[in-house]
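Okay, structure first, notes after.
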Amino acid sequence: MDFFEFAMKDDSVERVKREKKAASAECTPISLDIEKQTGIFKGSGGTYETWLDECSCVDYSRRRRPCKHMYRLAAELGLYDLGTLKSDTSKLKLTKQEKTALFDKAISLVDGYSETTQREIQRVLWCWHGGNPCVADRNTIEQPLLDGLLILFDNPVAILEENTQKRTVEGMLNANFVFPDEVKQTKKARYNWCLEHPEVACAIVYPDDVVTSISSVFEPVALKIYTYLNKKLDPLDYYYG
């Protein structure tokens, strides 16, 4: 069949919307059969078998027009141009059953940690929900890191920005660090040098501080974990004050 001709029967607005979704990593096919021109895709409702003229997903069953899976299949076969196709199986949606199993696994891990570590995870998730980096004590979150619940980011500047200029500069001086001669002997000048050399400053003043967040594996249930901890522990009221 001529897939392009079939696609042109769809409303232009709807077509553009599905084309965009089709090219995203969230629409990465699980498998493709080039010879038979079929593909298997994954969605929140399970897996869908896709042909150029039909798909088992709800969208095609309802509209009888090309769904995002059909557009992606046609693009993978070289029959339709979607531009650059992003592929990443880690971005595929989880089924409800998979989400439940992942959440249960996360809570099993969380409940096994000390209350101090649970509170730190709660704070990490608060930062994640707000789209901000979270600076934490590595010793407190060591086990969640080992378990793959949390991950580290190389962002020493965020650690410096979490602290005051005074604390950073005084920490450097108390450690007997000698600033280069060309750096003025003012707090601002010395702090600016630290910002230009964050790895050095953090290693001296904040050796146990790290930037962390929820791992991509548990991100689909991160909000549920956060809600669970807010019910179990005191809410983070001081962050809103």
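The values are calculated or read from the model by the stated rules, or taken from the named source; none is laboratory data. Computed from a prediction, not measured in an experiment: that's the story for all the values here. All Cβ positions, glycine included, derive from the backbone under ideal geometry; neighbour counts span all protein chains shown.
For the reader, a short list of remarks on this structure follows.
- Of all residues in segment 26-50, those that are within 15 Å of Ala75 (Cα to Cα) have Cβ atoms under 7 Å from Cβ atoms of residues that are among the acidic types (Asp, Glu) and part of a loop (DSSP other than H, G, I, E, B), 6 or more apart or on another chain, in Thr28/Asp88.
- Answer from Lys42, Lys21, Lys36, Lys17 - the residue that is part of a loop (DSSP other than H, G, I, E, B) and in the same structural domain as Leu79 (by TED's automatic domain parsing): Lys36
- Candidates Val217, Val210, Val183, Val200, filtered to the one that is out of contact with any Leu (no Cβ under 6 Å at 6 or more places or on another chain) and within 30 Å of Gly112 (Cβ to Cβ): Val217
- Restricting Val221, Val210 to those that are of a type outside the set (S, T, N, Q), surrounded by 18 or more Cβ atoms within 10 Å (Cβ to Cβ) and in a helix (DSSP H, G or I) reduces the list to Val221.
- Ser108, sole failed condition from (1) surrounded by 14 or more Cβ atoms within 10 Å (Cβ to Cβ); (2) part of a helix (DSSP H, G or I); (3) not acidic (Asp, Glu): (1)
- Sole residue being within 30 Å of Ser108 (Cβ to Cβ) and in contact with a Leu (Cβ under 7 Å, 6 or more places away or on another chain), chosen from Pro144, Pro133: Pro144
- Complete set of residues in segment 1-53 that are farther than 17 Å from Ser87 by Cα and among the small types (Gly, Ala, Ser): Ala7, Ser12, Ser44, Gly45, Gly46
- In segment 165-193, residue nearest to Asp209 (Cα to Cα) [restricted to those that are in a helix (DSSP H, G or I) and of a type in the set (Phe, Trp, Tyr)]: Tyr191
- Scanning segment 117-145 for residues that are assigned to a helix (DSSP H, G or I) and either exposed (fewer than 12 other Cβ atoms within 10 Å of the Cβ) or aliphatic (A, V, I, L, M) (or both) yields a count of 4.
- Members of segment 89-99 that are within 19 Å of the chain's Cα centre (by Cα) and either free of Cβ contacts under 8 Å to residues at least 12 places away in the same chain or not in a helix (DSSP H, G or I) (or both): Leu92, Lys93, Leu94, Thr95, Glu98
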